[in-house]
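The numbers here are math on the coordinates, done by the rules we state, and not lab data. Everything numeric in this text was worked out from a predicted model, so none of it was measured. As a convention, Cβ positions derive from the backbone with ideal geometry for all residues, glycine included, and neighbour counts pool all protein chains shown.
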Amino acid sequence: MGFHSANIPVIETERLRLRGFRMDDYAAFCAYKADPEVTHFVGGTELGMSAWRSFCAAVGSWSMIGHGVFCVAIRETDECIGHCGPINPPGWPEPEIGYTLARGAHGKGYATEAAGAALRFAYQKLGWRTAISLIDENNTASQGVARRLGASLEKKQVEVCDFTADIWRHLPPEEILKSNPTKF
Amino acid sequence: MSAPVLETERLLLRGFKREDLAALTAFYANEDNARYIGGTRPAYRVYGLMSAFVGHWELYGLGWWAMEEKAGGNFVGYCGFNNPPDWPDREIGWAVFPEFQGHGYASEAALTARAEIYRLGGPMKLVSYIDPENAPSRRVAEKLGAVLEDTIELRGGPAQVWRHPEAEGARA
């Protein structure tokens, strides 16, 4: 099934809205992309051209291949606090649910809420049959998110393209979709 | 919006398709090809780059085109508009894959792309940032009537600033 970026789907959860990035999210995006604490386990800081390209890519992949990264916004204010979504770039071992949140948004359960919605979306709307998350072996916060979603550590230290990560396997569609259906 | 389709004498300028990924990935895997345009990158980063070329249009209303040979349909390179918000000026850039270089495709495409950028974006300062050692690209800038204005630091190295002539009859 295809989407056009002009209508990247919008998903609302209890406290969050997953939607396409807009230009007015760029300052927030740059701020957390430049934060070493946020990016330490996900490829390092991105500045300038590199941040701009990632921002544009988050929007463009939806129209090119029908899925990609959502902007994660606070539902009440629409303020961008990070990104999250189904991704499957060339060289990936399997389709992945990725998530990154700004430092100020950590510790509130937002990542679990956002990634859970993205996982449901991937199973229900994209028809994915499996999903993993690639997580650095020292990224305990992200491991906690995966665990809270029901995922389990499957394989340690897997080489993926130019980095190494652990594979966390998410619960299958039957398990994820049987409870708390998200409306898309 | 998505990239408008433009025609030159020998080329079609069109938006990127997922089928372009293999050729672009091969191009960026080669050190000689990628030296002046940010260096080599693995497939998943090229996929990100191509997504960014597409997303640029949607976020900004201007962006990048794939160049396709009208005769034969080969994907031969790309050109377009780049606007990293922290760069001093907005840029028109181009790259032609080695097996298709030497035919004047870059200048042919960039001339038409530049007119369209002015048409869509209105009057603006438009430059091309070119590595001082990238002689072929410098010749393209000259053919387009651009003038060497300065040399600055960009992406951790020197970049010549080639200033393009302003639009003729561009709408505000």
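So for region A:5-177: antiparallel DSSP bridges make up what percent, rounded to the nearest 5?
95
Please report, for the Cα atoms of region B:100-172, the Rg to one decimal and the Dmax as a whole number; what are they, in angstrom?
Using the Cα atoms of region B:100-172, the pair Rg, Dmax is 12.9, 37 Å.
Distance from the Cα centre of region A:109-184 to that of region B:45-72, in angstrom?
30
Quick check on packing: order B:130-137, A:128-135 by the mean number of other C-beta atoms within 10 Å, highest mean leading.
Order by mean packing, descending: A:128-135, B:130-137.
Going 7 Å from the Cα of B:Ser2 in the Cα-to-Cβ direction, what parts of region B:47-75 have a backbone nitrogen less than 12 Å from that spot?
B:54-55, B:58
How large are Rg and Dmax for region B:6-163 when calculated on the C-alpha trace, in angstrom?
Rg then Dmax for region B:6-163, in Å: 14.6, 40.
Give me the compactness ratio for region A:5-177, meaning the Cα radius of gyration over 2.2 N^0.38 Å.
0.95
How much of the pair distance distribution for the protein assembly as shown lies past 30 Å, counting alpha-carbon pairs only, in percent?
39
Given a Förster radius of 25 Å and the C-beta distance between B:Glu133 and B:Thr40 as r, what FRET efficiency does 1/(1 + (r/R0)^6) yield to the nearest 0.05?
Working from the Cβ atoms, E equals 0.90.
If you keep only loop residues by DSSP, which chymotrypsin sites (Phe, Trp or Tyr not before Pro) in region B:80-172 have at most 10 other Cβ atoms within 10 Å of their Cβ?
Answer in residue order: no site qualifies.
Give me the percent relative contact order of region A:5-177, please, defined on Cα pairs under 8 angstrom at least 6 residues apart.
18
Could you give the size of the charge dipole of region B:1-123 about its Cα centre, using +1 on the Cβ of each K and R and -1 on the Cβ of each D and E, expressed in debye and rounded to the nearest 20?
Approximately 180 debye in magnitude.
Pick from A:Phe121, A:Phe70, A:Phe163: which residue has the top mean-square fluctuation in a GNM of chain A where Cα pairs under 10 Å get a spring?
Of the options given, A:Phe163 has the highest mean-square fluctuation.
Using a 10 Å cut-off around each Cβ of peptide B:39-45, what is the average number of partner chain Cβ atoms that fall inside?
Taking the mean over all residues of the peptide, I get 5.
Which loop trypsin sites (Lys or Arg not before Pro) in region B:14-70, with loop taken from DSSP, have no more than 14 other Cβ atoms within 10 angstrom of their Cβ?
Passing sites in region B:14-70 are B:Lys17, B:Arg35, B:Lys70.
With a cut-off of 8 Å between alpha carbons and a minimum separation of six or more residues, what is the relative contact order of chain B in percent?
Over chain B, the number comes to 18 percent.
What are the lysines whose alpha-carbon lies under 23 Å from the alpha-carbon of B:Lys17, with same-chain residues fewer than 8 places away excluded?
Result set, ordered by chain and number: A:Lys125, B:Lys70.
Please list 3J(HN,Hα) in residue order for region B:13-18, calculated via the Karplus relation 6.51 cos²θ - 1.76 cosθ + 1.60 where θ = phi - 60°; whole Hz, with x for glycine and proline.
After applying 6.51 cos²θ - 1.76 cosθ + 1.60, I find 9, 9, x, 7, 10, 4 Hz.
Per residue of A:62-68, what is the mean number of Cβ atoms on other protein chains within 10 angstrom of that residue's Cβ?
The per-residue average across the peptide is 5.
For B:Leu126, enumerate residues with amide H under 5 Å from its amide H, sequence gap 5+ or separate chain, H modeled in the peptide plane.
Correct list: B:His164.
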